[in-house]
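This report refers to the structure that appears directly beneath it.
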Amino acid sequence: MLGTASQGLKIVIVGGFGVGKTTMVRSVSEIRPLDTEATMTDAGVGIDDLTGAPGKSTTTVAFDFGRITIDSENVLYLFGAPGQQRFWFLWDRLFSGALGAIVLVDRRRISDSWYAIDRLESQGTAFVVACNNFGGGPHQLDDVRDALDLDPGVPLLDCDARSRESSKQVLVTLVEQLYTRAQANAAGAQAIGDRL
């Protein structure tokens, strides 16, 4: 099947610094992911906020890339965006042509996710929010929904980005969201057609 797919579907994973985007791409990709991890240096001191990410020694400086073959016709391409504010200028390029997005959230640093959600909402990009539990217990998702002021129609789920099964469930939830959205758009188009 590799090399024969005719349809590439792009998904972007965004969120704050150190939230687990690279880890999620690594856990779910069927190929060895391409990443642009670089060792953090003293140049980032005072610029990159390491609060909530103690011991972090590398960071994504462009994007991560992974692949999942859905069937002989369709391939899912995963792009993990860099989380630091100084790399946000790359997000416009990564969002271009994206079918949807996953916003990965660290409950300890919820405010780090506001920018990603605002950008996706303003662009009209479908997304789900996944609260990365870093191997701890499940979070009170209602508290996270309230803190993010999420629209009730945006799926919010708990996950562990290190787990292939958990990351796959996040992707399945996004695909379900995209399918529901496509059906609603088709029904709206049909209603307009019926009135004409």
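The values are calculated or read from the model by the stated rules, or taken from the named source; none is laboratory data. Because the structure is predicted, anything quoted here is derived from the model rather than measured. Counting neighbours? That spans all protein chains shown, and the Cβs are built from the backbone with ideal geometry, glycine included. Protein only, heavy atoms only, side chains kept; ligands, DNA and RNA dropped before computing areas. Shrake-Rupley method; radii C 1.70, N 1.55, O 1.52, S 1.80 Å.
First compute the accessible area of the stretch 95-147 with a 1.4 Å probe, then give the percent of it belonging to carbon and sulfur atoms. Intermediate results must be reported in sequence, preceding the final value.
Working: 1090 of 2380 Å².
Result for the stretch 95-147: 46 percent of the exposed heavy-atom area is carbon or sulfur.
Ranked highest first by average number of other Cβ atoms within 10 Å, how do 117-127, 165-175, 13-23 line up? Mind dumping the intermediate values first?
On the way: 117-127: 15.5, 165-175: 18.3, 13-23: 26.4.
For the peptides 117-127, 165-175, 13-23, the packing ranking is 13-23, 165-175, 117-127.
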Review point. Rank Asp158, Asp64, Asp146 by accessible area, highest first, at a 1.4 Å probe radius?
Key: Asp146, Asp158, Asp64
Practice item. Ignoring everything but the protein chains, give the 1.4 Å probe accessible area of Tyr77 in square angstrom, nearest 10. Key: 70
